[in-house]
1. Looking at region A:32-113, what strands (runs of 3 or more DSSP E) fall wholly within it and have at least 1 residues that are of a type in the set (Asp, Glu)?
2. Report every pair of residues separated by at least 6 positions or lying on different chains whose Cβ atoms are under 7 Å apart, first residue within region B:74-96 and within 14 Å of chain A (Cβ to nearest Cβ), second charged (D, E, K, R).
3. Among (1) of a type in the set (Ser, Thr, Tyr); (2) closer than 19 Å to residue A:5 by Cβ; (3) more than 14 Å from chain B (Cβ to nearest Cβ), where does residue A:94 come up short?
4. What single numbered condition from (1) under 20 Å from residue B:107 (Cβ atoms); (2) at pLDDT below 95 fails to hold for residue A:43?
5. If you scan region A:15-31, which residues turn out to be more than 11 Å from chain B (Cβ to nearest Cβ) and in a strand (DSSP E or B)?
6. Can you find, within region B:39-49, the residue that is nearest to residue B:92 (Cα to Cα) among those that are at pLDDT below 95 and more than 9 Å from chain A (Cβ to nearest Cβ)?
7. Taking residue A:12 as the residue in question, decide whether it is of a type in the set (Val, Ile, Thr), surrounded by fewer than 21 Cβ atoms within 10 Å (Cβ to Cβ) and away from chain B (no Cβ under 14 Å).
Amino acid sequence: GAGVSQSPRYKVAKRGQDVALRCDPISGHVSLFWYQQALGQGPEFLTYFQNEAQLDKSGLPSDRFFAERPEGSVSTLKIQRTQQEDSAVYLCASSLGSPLEQFFGPGTRLTVL
Amino acid sequence: GDSVTQMEGPVTLSEEAFLTINCTYTATGYPSLFWYVQYPGEGLQLLLKATKADDKGSNKGFEATYRKETTSFHLEKGSVQVSDSAVYFCALSDRGAGGTSYGKLTFGQGTILTVHP
């Protein structure tokens, strides 16, 4: 069966560019999470959706980061005016509900030059 | 706030050796505890979990016991295989005083395990 998919898998951006990262969760999964994983570190929570509602965005590092899930399925993480410190792997995870098991996507590796 | 501390790696073992990866945590509520594994080129996968004190999670020969008194959740395996080579992450999902949680995970920094034949 289809798991969580993310696109693109790799993204190179010049400093100052805007990027959009997409997450397709497992069909029917209500909960969706975004995490940021810096090189050699564990993932860090960014934001959480229950259906289309963004219930927690406490982990977003600045107002340059914005996430949406308008129809309660696909989610997009947008980073405006990218900086070098934004370079990381961005992971998406979904679950049937909270606090059930989260299934992770393969991640998008963002490199900001 | 919540935090997870894992033993520093990398860890290198010979096949059939005994494995321990230490994990301790700090949480304000009553956390559930997890071990996730990331095999080369693959996404994070749940390895095992425990939701309350003294629970033992187990899977694929790996075990970890939720020790509230020592705030620990050490991962063990009696005999590792080359195929166990991966990065292992300890994580927690806290529950507030009311006992509920939406599942937000707090991860440790990860431990790289390499098993040689």
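The values are calculated or read from the model by the stated rules, or taken from the named source; none is laboratory data. Remember, it's a predicted structure, so these values are computed and weren't measured experimentally. Quick reminder, even Gly has a Cβ in these numbers, built from the backbone with ideal geometry, and neighbours come from all protein chains shown.
1. A:44-50, A:53-56, A:65-68
2. B:92/B:2; B:93/B:104; B:94/B:2
3. For residue A:94, the exception is condition (3).
4. Only one criterion in (1) under 20 Å from residue B:107 (Cβ atoms); (2) at pLDDT below 95 is unmet by residue A:43, namely (2).
5. A:19, A:20, A:21, A:22, A:23, A:24
6. Result: B:39.
7. Here the answer is yes, as residue A:12 does meet what is asked.
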